[in-house]
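To start, the structure itself, in structure tokens.
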């Protein structure tokens, strides 16, 4: 794929595909880090008194919310990488079709 330039705007498909791969790698690192640290986020109550139980419930609820947010972040990174790859492919196809239109 060749770099395309329009009035100062430059599009390099190879760089775009590299960025998509880096987004996937970032998603993998984030998912792995959260998965590896998950046991540290789940607490057991220090005692059976109301304060200990309630504090543990609250902290575990926060941990669950964090896990959900991290999972959503991983999904968004993966969707962004997929969209970037698709747009890069579509752009290349449109450019090829446009070039064919100018063929003599």
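The values are calculated or read from the model by the stated rules, or taken from the named source; none is laboratory data. This structure is a prediction, so every number in the text was calculated from the model and none was measured. All Cβ positions, even for glycine, are placed from backbone atoms using ideal geometry, and neighbour counts span all protein chains on display.
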So which residues in the range 8-30 are farther than 20 Å from residue 76 by Cα and touching a residue at least 40 places away in the same chain (Cβ under 8 Å), if there are any at all?
11, 13
Here the residues within the range 64-75 that are surrounded by fewer than 14 Cβ atoms within 10 Å (Cβ to Cβ) and within 9 Å of the chain's Cα centre (by Cα) are 72, 75
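From the list 29, 78, 54, which one is part of a helix (DSSP H, G or I), at pLDDT 95 or above, out of contact with any strand residue (DSSP E or B) (no Cβ under 7 Å at 6 or more places or on another chain) and surrounded by 15 or more Cβ atoms within 10 Å (Cβ to Cβ)?
On the way: 29 fails: surrounded by 15 or more Cβ atoms within 10 Å (Cβ to Cβ); 54 fails: surrounded by 15 or more Cβ atoms within 10 Å (Cβ to Cβ).
It is 78.
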